[in-house]
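> This is the structure, below, for whatever I ask next.
Here, each number is a calculation from the coordinates, and none is a lab measurement. The structure displayed is predicted, hence computed values, not measured ones. A quick note on method: Cβ atoms are made from the backbone with ideal geometry, for glycine too, and the neighbour counts reach across all protein chains shown.
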Amino acid sequence: MAGEKPSVELCKGINGLDKVVLREARGSSAEVYLFGGHVTSWKNEHGEELLFVSSKAMFKPPKAIRGGIPICFPQFSSHGNLEQHGFARNKFWSIDTNPPQLPSNSLIKTFVDLILKPTDDDFKIWPHSYEFRLRVALTPGGDLMLTSRIRNTNSDGKPFSFTFAYHTYFLVSDISEVRVEGLETLDYLDNLKERERFTEQGDAITFESEVDKIYLSTPTKIAIIDHEKKRTFVLRKDGLPDAVVWNPWDRKAKAMPDFGDDDYKHMLSVEAAAIEKPIILKPGEEWKGRIELSAVPSSYCSGQLDPQKVLQG
Ligand code: TA6
């Protein structure tokens, strides 16, 4: 209809960087920058932002954007000899005009396909040929889905291995009022203690100091409950056995130039990941890793939404 904005629009974002805006008929929306294949916004049907992006984020390539959903590939954090979190988040992706069929729910009409392929220069850093296809989609209900397909296209017969994470920054009202459910009693590697292995206590996880943990072999659903906002984020994941939980707290916040001193109060990173067992692909093989994020109104106290029911449902 005249004046109605297209559901998928390529336009200019901050510092003139190309971005794609996705709009769903009922009002939810999302934005993804070609720089980094980086989702920087996800809004519900009321236009409320659901992802944290720092007010000090620099949209200056090759520096990664602080917030949203950076993609860590082919290396998570410093688990290898590449730069922190690999290079996919520092590269310019292209729109994939001819993506191979992706079996998905036919009701999902609002999506964009991006692709990342190595340049000759990249071979000097990581000597492998690959095709990384990323579909960013909005469901009619406003859920955000990211589907990654990584194919080994080496012609020299060589396999390659990688670790991976969707480094999602959820926007929360007050970190001290947030609980995470679904990771109780699991083993984790503590990045603040040289990745020593521990077992999580039995209750929901709450936050009162810096946290940087890699939970191993988690359930496919994790709930992030924001009491104050009466909102529960449900993270569903496939092909990504691990989950990272991170909040830098005050001291590290001050040390990050692209992060406000108080920003730690309003974000929590819960990252679907494949870290403990790197993914190994032979030439011709393809790996798929998917997340689906939902934000549901919750009034935990009134039991309208019991995260346990969400996690078991
Ligand atoms: O995912 C958690 C983590 O690996 C933390 O150790 C912290 O470094 C964070 O990522 C942010 O990393 P970045 O390279 O974006 O500053």
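> Over the chain, with a Gaussian network built from C-alpha contacts below 10 Å, which listed residue (Pro219, Pro62, Pro74) shows the highest mean-square fluctuation?
With Cα springs under 10 Å in the chain, the top fluctuation among Pro219, Pro62, Pro74 is at Pro62.
> For Phe52, what residues show an amide H to amide H distance below 5 Å, using hydrogens built from the backbone and excluding near sequence neighbours?
Correct list: Gly68, Tyr169, Phe170, Leu171.
> Then there is this: Among the lysines, which have Cα under 26 Å from the Cα of Lys265 when same-chain residues fewer than 8 positions away are ignored?
Lys43, Lys56, Lys60, Lys63, Lys193, Lys213, Lys221, Lys229, Lys230, Lys237, Lys252, Lys254
> Work out from phi, with θ = phi - 60° and the Karplus expression 6.51 cos²θ - 1.76 cosθ + 1.60, the ³J(HN,Hα) of each residue of segment 256-263, listed in order in whole Hz, and give x for Gly and Pro.
9, x, 9, 9, x, 4, 9, 4
> Cα gyration tensor of the chain, axes a ≥ b ≥ c as square roots of the eigenvalues: rounded (a/c below 1.5), prolate (a/b > b/c) or oblate? Kindly include the intermediate steps, with their values, before the conclusion.
Working: a/c = 1.43, a/b = 1.13, b/c = 1.27.
Rounded, since a/c falls under 1.5.
> Let me ask you something else. Please work out whether segment 220-286 counts as rounded, prolate or oblate from its C-alpha gyration tensor, where a ≥ b ≥ c are the square roots of the eigenvalues and a/c under 1.5 means rounded, while otherwise a/b larger than b/c means prolate and anything else oblate?
oblate
> Follow-up question, since we're still on this one. Could you give each residue of segment 106-114 its phi-based ³J(HN,Hα) in whole Hz, using Karplus coefficients 6.51, -1.76, 1.60 with θ = phi - 60°, and x for Gly or Pro?
5, 6, 7, 10, 9, 7, 9, 10, 10
> Now, a different point. Roughly how many nanometres apart are two label points built 7 Å out from the Cα toward the Cβ at Glu83 and Asp121?
Computed distance between label sites Glu83 and Asp121 equals 1.0 nm.
> Right, something else. If amide hydrogens are placed 1.01 Å from N in the peptide plane, which non-local residues have theirs closer than 5 Å to the one on Leu240?
Those qualifying (amide H under 5 Å, at least 5 residues apart or on another chain) are Arg290.
> Based on Cβ point charges of +1 for Lys and Arg and -1 for Asp and Glu, what charge dipole magnitude is obtained for the chain about its Cα centre, in debye rounded to the nearest 20? Could the numbers behind the result be given before it?
Values: 40 positive and 45 negative charges, 157 e Å.
Dipole of the chain, to the nearest 20 debye: 760 debye.
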